[in-house]
Amino acid sequence: MTNWLINFCIRIYTRLTCRIDAPNLKDFPQTGPLIAIANHTGQIEAPLLFAHLQPRQLTGWAKAEIWENWFLRWVFTSWGAIPVHRGEADTAALKLALKALKAGKIFGLAPEGTRNKTGKLIRAMPGMALVALHSGAPIVPIAHWGGENYLANLKRFKRTDFHIRVGKPFQLKVESLKAEGLKVTAEIRQQIVDEMMYELAKLLPEEYRGEYADLSKATRRWLESCEG
């Protein structure tokens, strides 16, 4: 009931403060474990996506410092968010993410690892490939833009145009990695997350692509489309 109430309030609040343009959000897969990767621009996209993707069960990593605030601790705990200690190898957080995927949940992931603030993509962090590598779960890119203006618009009592686009599911070629006998180094993890980020960049207007603006550099050595 708490989770339903929070998400209901968020949906109402975001409808009042944003003009949400999400023509294909309804195409988001409704069953099975899934990794949803998104760009990270500010404070609004996480609650908005969490609330509007319901009734799917979702979880994701959030910086452990959030749990120091009683209100945010209440909200993020009701969402089933997983605290992660940034700047260190948090194996407990990784295990909880894999457990959530085994339970058929959506695991939300921001490969950039931190807010880009300007709306333009920054270089993804190699460690963000670990959940996909260990789970083998399908990955769906969700690109959004406009939210970087949210706080400034709110101060002027202006609604924010918030755009969302959902891409086609893909997955990592985990079996190919095993077959080639390759050790998954930090360099390979970086290649993997860069390929994932190009899938996000393709969904964004050109001015938001940032580090991934040159789509001619996009490769799919480690990615493949999901069947069906």
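Values quoted throughout were computed directly from the atomic coordinates according to the rules given, and no laboratory measurement underlies them. Keep in mind that this is a model prediction, so the values were computed, not measured. Backbone-built Cβ (ideal geometry, glycine too); neighbour counts: all protein chains shown.
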Practice prompt. Taking H placed 1.01 Å from N in the peptide plane, check which residues at least 5 places from D21 or on another chain put their amide H under 5 Å from its amide H.
Written response: F162, H163, I164
Discussion item. Run the reach check for K168 against aspartates and glutamates, Cα to Cα strictly under 16 Å, same-chain hits fewer than 8 apart removed. What comes back?
Written reply: D27, E195, E199, E224, E227
Worksheet, complete the sentence: Measuring from its Cα centre, the chain shows a charge dipole (+1 at each Lys and Arg Cβ, -1 at each Asp and Glu Cβ) which, in debye to the nearest 20, is 560 debye
Response to the item:
The simple spin-label model distance between C226 and K158, using points 7 Å out along Cα→Cβ, in nm, is 3.8 nm
Discussion item. Using amide H atoms built in the peptide plane, which far-off residues or other-chain residues are under 5 Å from I82 H to H?
Written reply: G60, W61, A62
Worksheet item: Using alpha carbons only, what's the Rg to Rh ratio of segment 89-197 with Rh from Kirkwood?
Response: 1.04
Discussion item. Please give me the summed charge of the neighbours of H52: other residues whose Cβ is under 15 Å from its Cβ, Lys and Arg +1, Asp and Glu -1.
Written reply: +3
Worksheet item: Helices from the chain with mean Kyte-Doolittle at least -1.0 and a Cα length along the axis of 18 Å or more, per DSSP H: which?
Response: 2-17, 186-201
Worksheet item: Can you give the longest stretch of the chain with no exposed loop site, where a site means GluC sites (Glu not before Pro) in a DSSP loop (not H, G, I, E or B) with at most 10 other C-beta atoms within 10 Å?
Response: 89-179
Worksheet item: Where the centre of each part is set by its Cα atoms, how far does segment 163-214 sit from segment 100-148, in angstrom?
Response: 10 Å
Worksheet entry | the chain - percent relative contact order, Cα under 8 Å, separation 6 or more | 25 percent
Worksheet item: Once the other residues with Cβ under 15 Å from the Cβ of Y150 are scored (Lys, Arg +1; Asp, Glu -1), what is the net sum?
Response: +4
Fill in: Quarter of Cα convex hull surface for segment 2-225, i.e. mean projection, nm²
12.3 nm²
Worksheet entry | Cα gyration tensor category, rounded, prolate or oblate, for segment 75-133 with a/c compared to 1.5 | prolate
Discussion item. For a quick check of your reading of the filter: which trypsin sites (Lys or Arg not before Pro) in segment 76-108 sit in a DSSP loop and have no more than 16 other Cβ atoms within 10 Å?
Written reply: R86
Discussion item. Please give the charge dipole size of segment 100-228, origin at the Cα centre, charges +1 on K and R Cβ atoms and -1 on D and E Cβ atoms. Round to the nearest 20 debye.
Written reply: 500 debye
Worksheet item: Just from its helices, what would the mean residue ellipticity at 222 nm be for the chain, if runs of 4 or more DSSP H residues each count -39500 (n - 2.57) and the sum is divided by every residue, rounded to the nearest 500 deg cm²/dmol?
Response: -10500 deg cm²/dmol
